[in-house]
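The structure appears right after this line, and notes come after that.
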Amino acid sequence: MKNGHTTRQKTPAGRYALLDELRGLDLVSMMLYHACWDMMFLFGIWMDWYAGMPGRLWQQTICWVCILLSGFCAPFGRHMLRRGVTVFAAGALVTAVTLVFMPEGRIIFGVLTFLGTAMLLTGVLEPLLKKVMPAVGLAVSAVLFAVCYPVGLGWVGLGGWKLMLPQSLYANYFTAFFGFYPDWFYSADYFGLLPWLFLFWAGYYLHKAVGRRRMEPLRRPVCPALGWMGRHSLLLYLLHQPVIYGVLSAAAVLFA
């Protein structure tokens, strides 16, 4: 009884603890993935599995959970535009820092820039988004995400249908922001609006389709430590890469 009481006290009232914990778990997975990236591309420790399909699947799992969960949680707050500005500004900070201190690992239009933009667009368009039935919005968003998923390869399509896009779309940084990046574009972390905005909106409409009443079981915590990480995910995201780089640098000196 005492442990159960303590656990409830650690979870802020009104929060859906399991969502915080899922965000925290995804954050841990992302930190481990980035640690492997640093070992590969900054410290020269080659890992075949990381460069191959297992690493790709790991990376995509992190991305999908992060963006879908962010869209799902978007309707909870009443200040989506303010949150969007904050997250977008954090993304701009990451871009500036990496360009100055780590240009070989620069981040342009990374996940924070995307999430901030998605929140701003959702906040502005919410009066229109609310007019769409949740089930319809979820289905349409999921289909559009699937159709637009290969946009970086120069085409859109689904199943046997494939539409090649004009190469003139893939022109510069401005088009890269929308998902149409040219061959010379490089970013260690990149999320264009297409296709990822539709995954964010799929999460948004999934929230509406589930409804608050059916979310009540999500209030019960399982791992408070992960919940704490989930509630402080933005700060931890901003701090994790310098910490990982510092630890790996120290290890390289010690074991050289």
Going by what's in this entry, would PHE101 be described as more than 18 Å from CYS66 (Cβ to Cβ) and either in contact with a helix residue (DSSP H, G or I) (Cβ under 7 Å, 6 or more places away or on another chain) or not hydroxyl-bearing (Ser, Thr, Tyr) (or both)?
yes
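Could you tell me whether LEU158 is farther than 27 Å from TRP37 by Cα, modelled with pLDDT under 95 and open to solvent by 50 Å² or more (accessible area, probe 1.4 Å)? Spell out how you get there, then give the answer.
Numbers: farther than 27 Å from TRP37 by Cα: yes; modelled with pLDDT under 95: yes; open to solvent by 50 Å² or more (accessible area, probe 1.4 Å): yes.
Spelling it out, LEU158 is indeed farther than 27 Å from TRP37 by Cα, modelled with pLDDT under 95 and open to solvent by 50 Å² or more (accessible area, probe 1.4 Å).
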Taking region 168-187 and keeping only residues that are among the hydrophobic types (A, V, I, L, M, F, W, C) and more than 11 Å from PHE109 (Cβ to Cβ), one is left with LEU169, ALA171, PHE180, TRP184
Conditions: (1) open to solvent by 60 Å² or more (accessible area, probe 1.4 Å); (2) of a type outside the set (Gly, Ala, Ser); (3) part of a helix (DSSP H, G or I). MET30 meets all but one. Number of the miss?
(1)
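The values are calculated or read from the model by the stated rules, or taken from the named source; none is laboratory data. In this text the structure is predicted, and so the values were computed from the model without any measurement. Positions of Cβ are backbone-derived with ideal geometry, glycine not excepted, and every protein chain shown enters the neighbour counts. Accessible surface areas use protein heavy atoms only, side chains included; no ligands, DNA or RNA. Shrake-Rupley method; radii C 1.70, N 1.55, O 1.52, S 1.80 Å.
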